[in-house]
Amino acid sequence: SFSGGHVFGFSSRPGTAADKYDMKVPIEIIRERSKRMRAVVSESAEKFKTKMLGDITEVLWETTKQCATLGWQLQGFSGNYVRVETIAQKPIWNQISRVRLTEIKENGLLGELIEPNVGSAASLYPH
C-alpha cells in the first residue's frame, strides 16, 4: 500500500515524440482514468494510515499554531511522509518528537506526544 500519491493526466507537449502520435487518448478517457486512479490512491492511503494506528513514530514538526486554551497545534510528517497533528503545551518547530498515532484524519493522523524532543531537523542531515 502507499501513503499517498499524485495523479495527473498525461498531455503531450509540442515537439515531443508523443505529439507526433496519430491516435491520441480523448480527454474524457484521460479524466475518467485519472478519477479511478485517485480513488485507488485514496483507498491505499486509508489502509496505510489504518495500519499505523497505535504505532509510536518520530515526527518532524513543520508548523505550529496557537490554539487558545488548548496550547499549540503542531503539524509535521512521519518518516514515511504521513502528515501528523497533535496538541502540545509549547510550540515545537523544526524538532523531532516521538508520537503515538491515535486517530485517522482526512489528511493524515492525529497523535499524542510521547517524547517531545528527540532531535532537530539538522540531525537528519549530518555533515
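The values are calculated or read from the model by the stated rules, or taken from the named source; none is laboratory data. Because the structure is predicted, anything quoted here is derived from the model rather than measured. All Cβ positions, even for glycine, are placed from backbone atoms using ideal geometry, and neighbour counts span all protein chains on display. Just the protein is used for accessible areas: all its heavy atoms, side chains included, with ligands, DNA and RNA removed. Shrake-Rupley method; radii C 1.70, N 1.55, O 1.52, S 1.80 Å.
Checked against the criterion of being touching a residue at least 24 places away in the same chain (Cβ under 8 Å), farther than 23 Å from V7 by Cα and open to solvent by 60 Å² or more (accessible area, probe 1.4 Å), the candidates N117, N80 yield just one match: N117. Within segment 58-72, residues that are over 19 Å from T102 (Cβ atoms) sit with their Cβ atoms under 7 Å from residues that are open to solvent by 90 Å² or more (accessible area, probe 1.4 Å) and modelled with pLDDT under 90, at 6+ positions apart or across chains, in these pairs: T64/W93. Just for segment 7-36: of the residues that are open to solvent by less than 100 Å² (accessible area, probe 1.4 Å) and in a helix (DSSP H, G or I), which one is nearest to N107 (Cα to Cα)? Among residues in segment 7-36 that are open to solvent by less than 100 Å² (accessible area, probe 1.4 Å) and in a helix (DSSP H, G or I), the one nearest to N107 (Cα to Cα) is S34. For the structure I just gave you, tell me whether G4 is under 26 Å from the mean Cα position of the chain (by Cα), assigned to a loop (DSSP other than H, G, I, E, B) and of a type outside the set (A, V, I, L, M). Against the criterion (under 26 Å from the mean Cα position of the chain (by Cα), assigned to a loop (DSSP other than H, G, I, E, B) and of a type outside the set (A, V, I, L, M)), G4 qualifies.
When segment 37-77 is limited to residues that are among the polar types (S, T, N, Q) and in a helix (DSSP H, G or I), the one that is surrounded by the fewest Cβ atoms within 10 Å (Cβ to Cβ) turns out to be T69.
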